[in-house]
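Would you mind keeping the following structure in view while I ask a few things?
The values are calculated or read from the model by the stated rules, or taken from the named source; none is laboratory data. The shown structure was predicted, so the numbers you read here are calculated from the model rather than taken from an experiment. Here the Cβ positions follow ideal geometry from the backbone for every residue, glycine too, while neighbour counts run over all protein chains shown.
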Amino acid sequence: MSDAFLFPQTLAGLDTISAVCAELLRHVMPLGFSVHAIGAHPHPDLPYPEQFIVANWPEAWNDAYFKRHFGERDPVLRAASMLPGPFTTEDLRKGLSGPLSPEETEVLDFAAALGLPNAFITPVHGANGYRGLACLVGAGPDPAPRERALLHFLLLHAHDRLRALSARQATSAVSLTEREVHVLSMSCRGLSDAEIAHEAGISPRTVRFHFENARHKLGARNRAEALSQAIARHLLPH
């Protein structure tokens, strides 16, 4: 834990989003967290962020989040709008932000079924009314008070560095074709390849071709990351 206090200095010397995320995971994986989701807090009427977001959620979660409209009933987003400080999913299940609805419980249960039952969430409040959210998810256990203080410290600094790097990245030119934008936008709406193909009047193979082209242009490792990058760079229509 001692080198955790050098974390801000270490992050200042890192110039890529992937390097910052790797450094964050180095500190939090021993505490049972392997997934991160860090970015601007989405507006209640727009639960799928259109500003910066950096996440390594498994593809199964990303698919479900869009297709099953989890963003519209995610208890973490509701709680982050109400609570001033960090909280965990265990806190939510115990009613810290009020009773969970069956629909909200379904979101938490789906993550648990993926082997990610525990989350530590830090709301971020910045200048000019900025609101962000930094979340760690994993197998747990639920962190004790000492670990909560450490995670809070790490997430606040990781958020700030990732926000700065994302703003820099957003200014770098990436040009997607009209068809690539269309395919990515329909995927954000939760459509499958077959549904996108039907709506766009192309074959599923062509849909996959456009996805791959966009993924390479964005430097993304998979579709979920390509969608996150396209949203962060404001390449998709609102």
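Within the stretch 128-144, can one find any residue that is charged (D, E, K, R), surrounded by fewer than 21 Cβ atoms within 10 Å (Cβ to Cβ) and touching a residue at least 60 places away in the same chain (Cβ under 8 Å)? Quick ask: steps written out before the conclusion?
The initial filter retains those residues of the stretch 128-144 that are charged (D, E, K, R), namely 131, 142.
Those still in the list that are surrounded by fewer than 21 Cβ atoms within 10 Å (Cβ to Cβ) too: 131, 142.
Filter once more, keeping what is touching a residue at least 60 places away in the same chain (Cβ under 8 Å): 131.
Yes: one or more hits.
Can you find even one residue in the stretch 154-165 that is touching a residue at least 24 places away in the same chain (Cβ under 8 Å), within 25 Å of P58 (Cβ to Cβ), not basic (K, R) and not assigned by TED's automatic domain parsing to the domain that holds F7?
The answer is no; no qualifying residue exists.
Would you point out the residue of the stretch 72-111, among those that are of a type in the set (V, I, T) and touching a Phe, Trp or Tyr at 6+ places or on another chain (Cβ under 8 Å), that is nearest to T122 (Cα to Cα)?
T88
Here is a further query. Among the residues of the stretch 194-212, how many are crowded, with 16+ Cβ neighbours inside 10 Å and closer than 20 Å to L235 by Cα?
Matching residues across the stretch 194-212 total 5.
Provide a single number: the residues in the stretch 1-29 that are among the aliphatic types (A, V, I, L, M), in contact with a helix residue (DSSP H, G or I) (Cβ under 7 Å, 6 or more places away or on another chain) and within 13 Å of H159 (Cα to Cα).
Residues in the stretch 1-29 being among the aliphatic types (A, V, I, L, M), in contact with a helix residue (DSSP H, G or I) (Cβ under 7 Å, 6 or more places away or on another chain) and within 13 Å of H159 (Cα to Cα): 4 in total.
While we're looking at this one, here's another question. Quick one: in the stretch 31-59, of everything that is modelled with pLDDT of 95 or more and either of a type outside the set (A, V, I, L, M, F, W, C) or not assigned by TED's automatic domain parsing to the domain that holds T88 (or both), which residue is nearest to R223 (Cα to Cα)?
If we take residues in the stretch 31-59 being modelled with pLDDT of 95 or more and either of a type outside the set (A, V, I, L, M, F, W, C) or not assigned by TED's automatic domain parsing to the domain that holds T88 (or both), then H36 is nearest to R223 (Cα to Cα).
Tell me, which helices (runs of 4 or more DSSP H) wholly within the stretch 1-120 include 2 or more residues that are of a type in the set (F, W, Y)? Before the answer, list the steps.
Numbers: elements: 7-12, 17-28, 59-67, 75-82, 89-93, 102-113.
Counting at least 2 such residues, we get 59-67.
Among the residues that make up the stretch 79-92, is at least one of them among the aliphatic types (A, V, I, L, M), at pLDDT 95 or above, crowded, with 19+ Cβ neighbours inside 10 Å and within 28 Å of A144 (Cβ to Cβ)? Can you show your working first?
Within the stretch 79-92, the subset among the aliphatic types (A, V, I, L, M) is 79-80, 82-83, 92.
Imposing the further condition that a residue be at pLDDT 95 or above reduces the set to 79, 92.
Among the residues that remain, those that are also crowded, with 19+ Cβ neighbours inside 10 Å are: 79, 92.
Restricting the remaining residues to those that are within 28 Å of A144 (Cβ to Cβ) gives 79, 92.
There is at least one residue in the stretch 79-92 that is among the aliphatic types (A, V, I, L, M), at pLDDT 95 or above, crowded, with 19+ Cβ neighbours inside 10 Å and within 28 Å of A144 (Cβ to Cβ).
Right, another one. Restrict the check to the stretch 168-182 and report whether at least one residue is more than 25 Å from H69 (Cα to Cα) and acidic (D, E).
Yes; the residues of the stretch 168-182 include at least one that is more than 25 Å from H69 (Cα to Cα) and acidic (D, E).
Every residue in the stretch 70-92 that is of a type outside the set (F, W, Y) and within 15 Å of P143 (Cβ to Cβ), please.
Answer for the stretch 70-92, where residues must be of a type outside the set (F, W, Y) and within 15 Å of P143 (Cβ to Cβ): G85, P86, T88, T89, E90, D91, L92.
Go through the stretch 190-208 and report how many residues are out of contact with any helix residue (DSSP H, G or I) (no Cβ under 6 Å at 6 or more places or on another chain) and within 18 Å of E225 (Cβ to Cβ).
So the answer is 1.
Across the stretch 117-127, which residue is farthest from the chain's Cα centre (by Cα) among those that are hydrophobic (A, V, I, L, M, F, W, C) and surrounded by fewer than 22 Cβ atoms within 10 Å (Cβ to Cβ)?
A127
When both residues are 6+ apart or on different chains and their Cβ atoms are under 9 Å apart, which pairs have a first residue that lies in the stretch 11-36 and is loosely packed, with under 12 Cβ neighbours inside 10 Å, and a second that is in a loop (DSSP other than H, G, I, E, B)?
A22/L14
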